[in-house]
Amino acid sequence: VIVKNINAIEDLLNGDERKRSCLLYLRIRLAIQRLVQELKLRHDVSKILNDLRPMLMAASVNLDIGFESLAQVLTEISSCGHDSKELDDLLDELADKVGECRQQIEVARCRFLRGKYYFERKKWKDAVRQLSFCVYAFEKESSLDELIRSSGMMGLALWELKLPYSAEAFLVKAANFLLKDFWSSGRIPHLLVSTLELLCEIELMLGRLV
């Protein structure tokens, strides 16, 4: 019954030039639903992604499709619990396109979800690829809490990749804001303790702290 109703809606929209945006968004939603189902079953999703890409690129510049709708699509793609280069490439392409036309801060939040997914699974290179965009966007938009979290995670991921100098730069950024909060509120968050501990370890390793 649901399939019949969807087909009927598609037929109705397809015959009206004024409803092109509605038809495009409906097809995107159906493709996303298929994508999530196939990922859960661990099936190959190459064809779905190939079909989805041109629709998403068209939607990203379609002013009739609201940013909130695209942000929801980005969030759903980011939340897919599956390691896939094709999926990441699609997310990157759509995020860049939406970021050019809409709000980078929302795009960064979607990328952060993907970065967090990889971070929790210790896939450090993939985590860094997503989080690097987040740090820049959160700093640009002065989103302090999100900047601290993304900077801390970025620093930890870089440390795991044996890049102490790069890790230190992001950890210092996170520690700086956390210490400011400590002096004003008196709270000592767990992230501050972990960040300072790792910074001491880096300094010891580099021979600058004895």
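Values in this text are rule-based calculations from the coordinates and carry no lab data. Keep in mind the model is a prediction, meaning the values are calculated, not measured. As a convention, Cβ positions derive from the backbone with ideal geometry for all residues, glycine included, and neighbour counts pool all protein chains shown.
Here are the numbers for this structure:
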item: Unsatisfied cross-links (Cα-Cα over 32 Å) in the set K47/K173; K40/K180; K97/K173; K40/K140; K125/K173; result: K47/K173; K40/K180; K40/K140
item: Nitroxide proxy distance, nm - points 7 Å out along Cα→Cβ at C22 and E93; result: 2.9
item: Å³ per residue enclosed by the Cα convex hull of the range 120-207; result: 90
item: Förster radius 41 Å - calculated FRET efficiency between S166 and D44, Cβ distance, rounded to 0.05; result: 0.70
item: Hz values of 3J(HN,Hα) by residue in the range 108-123 - Karplus curve (6.51, -1.76, 1.60), Gly and Pro given as x; result: 4, 5, 5, 5, 4, 4, 5, x, 5, 4, 5, 4, 5, 9, 6, 9
item: Note, ³J(HN,Hα) from phi for the range 180-194, Karplus 6.51, -1.76, 1.60, rounded to Hz, x at Gly and Pro; result: 4, 5, 4, 5, 8, 10, x, 7, 10, x, 4, 4, 5, 4, 5
